[in-house]
1. Quick one: of LYS13/LYS77; LYS43/LYS77; LYS13/LYS78; LYS79/LYS107; LYS13/LYS79, which pairs are farther than 27 Å apart, Cα to Cα?
2. Can you tell me the Rg and Dmax of region 63-138, counting just the alpha carbons, in angstroms?
3. Could you check the simple spin-label distance between LYS79 and PHE19, using points 7 Å along Cα→Cβ, in nm with one decimal?
4. If we sort 109-116, 78-85, 39-46 on the protection proxy, mean other Cβ atoms within 10 Å, highest first, what's the order?
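What follows is calculated from the coordinates using simple rules that are stated; it is not laboratory data. Everything numeric in this text was worked out from a predicted model, so none of it was measured. Cβ: placed from backbone, ideal geometry, glycine included. Neighbour counts: every protein chain shown.
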Amino acid sequence: KTVRNDNSSRFGKFIQLQFDTEDPMMAAYSGKSLPAAILAGSKCETYLLEKSRVVSHEDEERTYHIFYQLLAAPDEKKKEIWTGLENTDNESFAYVGYSDTDTIEGKKDAQRFQLTLDALSIIGVTGDKLRDLMRAIC
């Protein structure tokens with residue numbers, strides 16, 4: 001969350017399209033002014049837009065949503081991920097800190113955390129895999 005919107009992207013993408021082109025000489029013999037091109041593939045690179053957000057954020061802003069979602073989860077779930085998260089909230093961590101917002105686009109952080117777990121479960125990230133992923137994030 002930033003002062004501008006609820007879901008500011010911190011990442012950018014550069015997409016390079018790759019084409020197979022017809023030989024220019026063959027195209028000219030066929031009466032074409034330009035050779036034909038067929039999309040053959042693409043390459044996508046993701047990069048961090050706002051490196052400053054990795055270490056801080058403005059008072060009115062929030063950092064990455066997953067931190068707030070995880071801290072809003074039931075203590076039982078937080079304890080499964082890491083016992084050090086039990087009985088903690090946003091203010092327990094200097095990086096996350098106080099936020100007067102716990103709802104983004106009509107859903108509370110705890111609800112969004114459950115939706116995140118549901119989505120990860122669909123692609124097989126459960127149990128130890130989920131625990132390891134959440135620990136890596138923390």
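1. LYS13/LYS77; LYS43/LYS77; LYS13/LYS78; LYS13/LYS79
2. Every Cα atom of region 63-138 included, Rg and Dmax give 12.0, 34 Å.
3. About 6.1 nm separates the two model spin labels.
4. Result, highest mean first: 109-116, 78-85, 39-46.
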